[in-house]
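Down below is the structure, laid out as structure tokens.
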């Protein structure tokens, strides 16, 4: 059975840390700062013998700040942080298989000059970490390469988080055992304007999955940059909008397997970079050198035009299929196969001034799609759509396929 970008399971760690519903009351073992909860076994059954400790953090709790929980957590713990602001707090998380999540909304880590090890608001050294409903802002460090999260362990899932006004949003190191997933999250205004700091920068990881997220307004750096061996970039909104100055919208500097499906991507009028999506610009160092760019909607608002997709010579395969392009510039610079794409004016969109690039009734791209096939066991036909803000909805899996990131809703 072919996998889709929408149906990808969270690699490794989430299968070990997903909680399936049963709560086990352990009143006799409660302490003021924590309690216990059941965790699943690898078969998906509840293992009532294995307990996960829950640490609770908040202004009215014994643990007042997340950094206090980081100091006492054990492998496999759940850390729940009450929604609210935590100013000037930074932490190093060394434990494995942690789940850290906001409770009752997002917990906001506002750096205000604090940093961990001169690197980030949170430095994650443990493996298989889940982070949910946390906001990171204001990360600044002496070498100007700070981040909301700096990943040094293997394996990270980030869900429903917000990274803004940091030197980098997420920054990861080199770890070919690491699977990184970011979903339903927002990244905005990260970077210091030097072109070397970005909204998202994934180093040499095993896999990187980015889906159902809103990435915008990187400050001169890239919105998304990944050196991972395998990349699934699906159903995101990646934009400069009216006043953003990002460089590349999406970059794979060392190639790799890159499946870019169902995204809405826009380059703004203020950008200095003429290329929107770049593949292999720093050398094709990853063993697989294949780009599959399918059913995206890409808009170039740069007055001087430019290049929608750059592919480096030596790439093994570059298939650009079923996309909608709008704006000035060449569709493809470099080697590749262009199949069944459409270049349209903004009149084809519902509300281009408001960045609503759904197709209008009667647009030439409606019903024009072809079966994009599969690659490396992954179905390339889009199975979902991005819904603003950082949400998703299903896209029909049979029948006529429209070009671009959005299926036109036909009325009877």
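Which ones in the range 131-147 are in a strand (DSSP E or B) and more than 14 Å from the chain's Cα centre (by Cα)?
134, 135, 136, 137, 147
Let me confirm something: among 112, 127, which residue is touching a helix residue (DSSP H, G or I) at 6+ places or on another chain (Cβ under 9 Å), at pLDDT 95 or above, part of a loop (DSSP other than H, G, I, E, B) and closer than 28 Å to residue 190 by Cα?
It is 127.
Would you check if residue 305 is surrounded by fewer than 24 Cβ atoms within 10 Å (Cβ to Cβ), at pLDDT 95 or above and at positive phi?
Criteria met by residue 305.
Which residues, taken from the range 379-412, are touching a residue at least 60 places away in the same chain (Cβ under 8 Å), more than 29 Å from residue 162 (Cβ to Cβ) and touching a strand residue (DSSP E or B) at 6+ places or on another chain (Cβ under 6 Å)?
Listed by number, the residues that qualify are 380, 403.
Does residue 106 satisfy the criteria of being surrounded by fewer than 21 Cβ atoms within 10 Å (Cβ to Cβ) and under 20 Å from the mean Cα position of the chain (by Cα)?
Criteria met by residue 106.
List pairs: first residue in the range 311-325 and touching a residue at least 40 places away in the same chain (Cβ under 8 Å) and on the phi > 0 side of the Ramachandran plot, second residue outside any loop (DSSP other than H, G, I, E, B) and surrounded by 18 or more Cβ atoms within 10 Å (Cβ to Cβ) anywhere in the structure, Cβ distance under 6 angstrom, at least six positions apart or on different chains.
Cβ pairs passing all conditions: 322/294.
State the number of residues belonging to the range 349-364 that are surrounded by 16 or more Cβ atoms within 10 Å (Cβ to Cβ) and under 20 Å from residue 236 (Cα atoms).
6
Going residue by residue through the range 151-159, is there one that turns out to be surrounded by fewer than 21 Cβ atoms within 10 Å (Cβ to Cβ), outside any loop (DSSP other than H, G, I, E, B) and in contact with a strand residue (DSSP E or B) (Cβ under 6 Å, 6 or more places away or on another chain)?
There is at least one residue in the range 151-159 that is surrounded by fewer than 21 Cβ atoms within 10 Å (Cβ to Cβ), outside any loop (DSSP other than H, G, I, E, B) and in contact with a strand residue (DSSP E or B) (Cβ under 6 Å, 6 or more places away or on another chain).
Being surrounded by fewer than 21 Cβ atoms within 10 Å (Cβ to Cβ) and on the phi > 0 side of the Ramachandran plot is the filter here; which residues of the range 277-299 pass it?
Passing the criteria: only 283.
Given the options 174, 224, name the one that is closer than 23 Å to residue 278 by Cα, surrounded by 22 or more Cβ atoms within 10 Å (Cβ to Cβ) and free of Cβ contacts under 8 Å to residues at least 40 places away in the same chain.
So the residue among 174, 224 that is closer than 23 Å to residue 278 by Cα, surrounded by 22 or more Cβ atoms within 10 Å (Cβ to Cβ) and free of Cβ contacts under 8 Å to residues at least 40 places away in the same chain is 224.
Identify, by number, the condition in (1) surrounded by 21 or more Cβ atoms within 10 Å (Cβ to Cβ); (2) in contact with a helix residue (DSSP H, G or I) (Cβ under 8 Å, 6 or more places away or on another chain) that residue 346 doesn't meet.
Unmet condition: (1).
Can you name the residue in the range 362-373 that is in contact (Cβ under 8 Å) with a residue 24 or more places away in the chain and out of contact with any strand residue (DSSP E or B) (no Cβ under 9 Å at 6 or more places or on another chain) and, of all such residues, is farthest from residue 318 (Cα to Cα)?
Only one residue fits best here, namely 367.
Could you list, in sequence order, all residues of the range 377-400 that are modelled with pLDDT of 95 or more and loosely packed, with under 12 Cβ neighbours inside 10 Å?
377, 388, 389, 393, 394
Kindly provide the set of residues from the range 262-292 that are part of a strand (DSSP E or B) and under 19 Å from the mean Cα position of the chain (by Cα), ordered by number.
264, 265, 266, 267, 276, 277, 278, 279, 291, 292, listed by residue number.
For residue 105, indicate whether it is over 30 Å from residue 285 (Cβ atoms) and in a strand (DSSP E or B).
yes
The values are calculated or read from the model by the stated rules, or taken from the named source; none is laboratory data. Here the structure is a predicted model, which is why all the values come from computation and not from measurement. In this analysis, Cβ positions are derived from the backbone assuming ideal geometry, glycine residues included, and neighbour counts consider all displayed protein chains.
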